[in-house]
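Everything below concerns the one structure shown next.
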């Protein structure tokens, strides 16, 4: 049975001994269908891969591959964009104007040059080329890209006042609306291939930063799950909250666009972080065909919060609960920003009472890029442990940093966790954009992919367990005196690890602010 036509359940495999219907919710959460997604065109490497998947596992199946290494996250995005024949849809919370952002933007323009229809939806918190200076400069950069006849850009939940001063004034006057941001991250190519997960577009998310790189996670999906992702994209693209950049009325002559693209090429050619990447599009046919031997088959669905005229209808928190709560044996969680609720603690305690093994990995203060989150997470450490959770916190100097976080030749000073994923009973996996904190539950929009594939779930479980090893994380427990302690492969600490005194000061400072601000 396909997830596409079934109510949301944590298990839906045909050989599930408890049966699909017996574990379904009474009022299943469903993604509001979008009307704009087109059927996939025939031909091309993605059609070839999808046909092979269907021949092996049935027409409802998709193929999946985890993108654990930042380098793979960038390379697979380039491969999908370069191999697009018909359509590219990209939706991101942040698109930085750094080496990674410039390279991916150039490849989108290259795809548009060869006739591919490209749609780019970004949150207006950063707009595009977020490192490009003033809001006017950023708007002009967005308008320059949008001026291409085959590439259109929309801004989600935009400011009506575009100057810096006007933006601040508007934020103060309309905080409730403008505090709500689109946190989704998805790329869909030819309605057959998609990448969903935690990575924004920027150097730190692709392993190219010299100071700090994230340890993140995406999943590549080939097959019907890509149509699900396309429907989610269209729901946002067609939303009243998505402003076409053309509405900014910033005219960009074709000659100016060509000149700016040449400047972009020169900048990319001299970017030291990109020495191992092609600046121009290339043929990925051999590499993409080789995916057939490594894709895990199964069924998948993409869920997302729903944009409405006056806000966001949040349903991702229900999706997460409905996947996790019925676990029979084991729940594995890796989530960067963790601020639970008492209801969460009660649910975990009940699961532990049913002999479900609970293991959770999140950031330590030392690995955090947002100390304010730690200021509120730390209040819940003891409750999590008492509820039966085995608790781990990422090390900023984890042994896996060169393997997964840094993309050579970059070698960052430290790393932090940015993944948002979960494995239930090694049969069902969730990978997406949603943090387990108040902002993701109640403020921002989020999305994610639910995958029913034992092979994929086991592969993800192995990644999370690797990250929990003492060389990569601290195990948080109660010591002999009842105080919290942090143990790794070298020592036991009696206070939370931090990189420096400034982190500890910030951790104290942000305790006075409400947790939903972060």
Problem - residue 404 being farther than 30 Å from residue 231 by Cα, modelled with pLDDT of 95 or more and in contact with a strand residue (DSSP E or B) (Cβ under 7 Å, 6 or more places away or on another chain) - result: yes
Fill in the blank from the handout: Given (1) surrounded by fewer than 24 Cβ atoms within 10 Å (Cβ to Cβ); (2) in contact with a helix residue (DSSP H, G or I) (Cβ under 7 Å, 6 or more places away or on another chain); (3) on the phi > 0 side of the Ramachandran plot, residue 249 misses just (2)
Exercise for the section: Could you tell me whether any residue of segment 354-372 is part of a helix (DSSP H, G or I) and out of contact with any strand residue (DSSP E or B) (no Cβ under 7 Å at 6 or more places or on another chain)? Expected result: yes
Fill in the blank from the handout: Filtering segment 285-316 down to residues that are under 30 Å from residue 82 (Cα atoms), surrounded by fewer than 17 Cβ atoms within 10 Å (Cβ to Cβ) and either touching a residue at least 60 places away in the same chain (Cβ under 8 Å) or within 21 Å of the chain's Cα centre (by Cα) (or both) yields 285, 287, 289, 292, 294
Handout entry: segment 174-185 residues that are assigned by TED's automatic domain parsing to the domain that holds residue 199, paired with ones that are loosely packed, with under 15 Cβ neighbours inside 10 Å (beta carbon under 6 Å, 6 or more apart)
Key = 178/171
Exercise for the section: Keeping to segment 387-414, report how many residues are over 17 Å from the mean Cα position of the chain (by Cα), touching a residue at least 12 places away in the same chain (Cβ under 8 Å) and outside any loop (DSSP other than H, G, I, E, B). Expected result: 9
Problem - Qualifying position, being farther than 20 Å from residue 67 by Cβ, surrounded by 24 or more Cβ atoms within 10 Å (Cβ to Cβ) and in contact with a strand residue (DSSP E or B) (Cβ under 6 Å, 6 or more places away or on another chain), among 433, 473, 453 - result: 473
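The values are calculated or read from the model by the stated rules, or taken from the named source; none is laboratory data. Just so you know, these numbers come straight off a predicted model, no measurement behind them. FYI the Cβ positions are ideal-geometry reconstructions off the backbone, even for glycines, and counts take in every protein chain you see.
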